[in-house]
Amino acid sequence: MWRRLLLRGTTCLLQVEDPNFLHQRHISSLCLRLVTQRLIHRPPAAPSVLRFPGAGYFLANNETRAYKKDTKSTVELPVCPITVTDIKQYIRSKDIPFHDGYSCLHIPSIFVESSARKDSFSLFIDKTTGQFLCKDTLVEGSWEDLQDCLEVMQKEEQDFLSPHVLLGYPESVEEQEERERELREVQRIWSSSVPLTDVPEDEAQLIKTMFQIPKVSNATLKKFGVRLFKPTKSLVFPWFGGPDSSLKGVKLLSAQNTDTDKVTYNEATVPKCSSYYNLFGLPLVNRMDSELVLTGHELDTLAVSQATGLPSVALPRGVSCLPPILLPYLEQFKRVTLWLGEDIRSWEASKIFSRKLGLRRCSLVRPGEYQPSPVEALAQGKNLSRIIKASIPAAHKSIVSFKQLREDVYGELLNTEQVAGVKWMRFPELNRILKGHRKGELTVFTGPTGSGKTTFISEVALDLCMQGVNTLWGSFEINNVRLAKIMLTQFAMQRLEENLEQYDFWADKFEELPLYFMTFHGQQNIKTVLDTMQHAVYLYDINHVIIDNLQFMMGQENLTVDKFAVQDHIIGAFRKFATNTSCHVTLIIHPRKEEDDRELQTASIFGSAKASQEADNVLILQEKKLVTCPGRRSLQVTKNRFDGDVGIFPLDFIKTSLTFSAPIKGKHKLRKVPIKPDDEEVEGHEVAPKKDDIKKDKAEKSNKTKKTPRPVKSPTTGK
């Protein structure tokens, strides 16, 4: 933070909002010299993950257009990732008392005067990332920022710093207008909505029935501040935050019936999702409470609170993400029960989130027939307190018996479709073979050079990302701008070069996807890549990582080691990462050089057999170079560890939208490229037999046509 201020020249340390900071006086020359020397000589951090939402441009003092990153959505991974041991040693060296919490270290806040501190340990340092948050002032920053502040305090012999000392990038006019517009929109929605207690009884009961909360009382709705936005018949959930507990945002929830008589919910947040960090129900939690129920939905929080009286909060984005910035608010609880829903996806999220929160204190409510979501359990008259008491501990030993696995096995048998994973919307044939996209698996994808591997896998990943699968792209072959352009074109299903007036519309929608990019390009070290992936999984709850491609990580390894041994090591590392983090890894590997008229096989994957052995799925993009479009490409699944199904289906490439799709049945017929006369001169003695064979085939086909009925062609093979 300090380095950016000093080196970019966008903000001088003396030009702050409050000119008298650091004990109401100007910063001394000693302090400025200390910070300048410390930061200029420090090696710059290596940017690792780049996030599109929340990013913008601002005009720097040198009148150049510079890129500005939102600190909440962009992570700069240090060259040497910080460890909790390093943090503790540094804090001890400064004689600062600390408390070792579940996921954070607690120290006295350095941004509040001693006499005004409500809590002696109100500054929280994340054990994994080193990022800190002061709950009293809401000052936050990186581990380097905190080190700088402590060094300044020590040299200046101060016992606290003003919160204004940590300044971020100055807001541009557009950003300030956007923030003010969102704040006005929040106030407009809140003032236009009405408490359900002010709604006529018959209308209020209809609203409750629509949202399937008939047993949630008006007193509970009033306690949590839930209102009704009449223009859209939506429930409004407020976000109160900050030292003054002011209104920071709202979430609107609308209900819609489906053909299966199941209610689906549509959510909208103001401000936008990337800036919405609310723990709904947190203002009602008492400082002395030691037990908490964490839910994935606001309606579930209402049900738990009413039925059990226990403190309960809801995650801002459901089971898709637990932002680390919210972990300090959950540190006070000695027991946290995660009751995130009734499906397999919520169960997997519970296990992942429990690692962030600390396995020792977490217990999980296993979804099942007798333990539905809290709001459904309340509607069915079940005892929610008994369900919570029967939750299982998240901590487990390395060896388990079938007795401990029995319920998990039954759950998989009961929820076969959910266990199969997330279904693709654009590739139904892929669903038929692979059944779905599952966490913790390793997929190896290969295809001929120039066949469109990156374009195809980007659409496959985009399909999943549009359904809420948090995705991290590691593209070492093409830069992120070009990759983002491809994915945006696939998202809009049209060439935006010809419709630039629609760019902002589609870009705004594309921004809201949980899509992240690694900023690496070219050859990279496997350890650096894995550190970045681990960091992103922790920070953004990444569920799917795409590595394009393996060969770009082999050049950085020891040249004295056999290249096949290096490849085996890298594949083993990705396999271990996928298993340990429960994250799906898609690894693109170039094939060996094959003849143009030969189809690729599993054995065609470059390197040894370890790639196909370690992989759960092996996908091959086949390309027939001797066949004209359409019908020249097809996708073949040669390995499927989930249920063993394999197969192949054709693909059509639509150039206008850069998308692949299954061809319409019976529309196209494969035909061979006619042999040119030039080829006859070059390969005179080989071409003649081919022509004779073609004539014989035609004669045989004509004879068969006269004698027997013409067979129906297969829509997939054309035979």
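Values computed for the structure shown
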{"quantity": "Qualifying trypsin sites (Lys or Arg not before Pro) in the stretch 238-340, DSSP loop, other Cβ atoms within 10 Å at most 15", "calculated": "LYS262, ARG287, LYS334"}
{"quantity": "Rounded accessible area of THR209 (nearest 10 Å², 1.4 Å probe)", "calculated": "80 Å²"}
{"quantity": "Sequence ranges 457-464, 652-659, ranked by mean other-Cβ count within 10 angstrom, highest first", "calculated": "457-464, 652-659"}
{"quantity": "Pairs beyond 21 Å (Cα-Cα), from LYS403/LYS435; LYS563/LYS593; LYS334/LYS356", "calculated": "LYS403/LYS435"}
{"quantity": "Solvent exposure ordering (accessible area, 1.4 Å, most first) of THR128, THR455", "calculated": "THR128, THR455"}
{"quantity": "Distance (nanometres) between label positions extended 7 Å along Cα→Cβ at ARG432 and ASN480", "calculated": "3.9 nm"}
{"quantity": "Qualifying GluC sites (Glu not before Pro) for the stretch 121-182 [loop in DSSP, other Cβ within 10 Å: at most 10]", "calculated": "GLU157"}
{"quantity": "Nonlocal amide H pairs with GLY249, under 5 Å, H built at 1.01 Å", "calculated": "TRP239"}
{"quantity": "Accessible solvent surface per residue of the stretch 428-673, calculated while the other protein chains remain in place, 1.4 angstrom probe, Å²", "calculated": "43 Å²"}
{"quantity": "Ranked by how many other beta carbons lie within 10 Å on average, peptides 277-283, 109-115 from highest", "calculated": "277-283, 109-115"}
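The values are calculated or read from the model by the stated rules, or taken from the named source; none is laboratory data. None of the values given here were measured: they were computed from a predicted structure. We place every Cβ from the backbone using ideal geometry, glycine too, and count neighbours over all the protein chains shown. Protein only, heavy atoms only, side chains kept; ligands, DNA and RNA dropped before computing areas. Shrake-Rupley method; radii C 1.70, N 1.55, O 1.52, S 1.80 Å.
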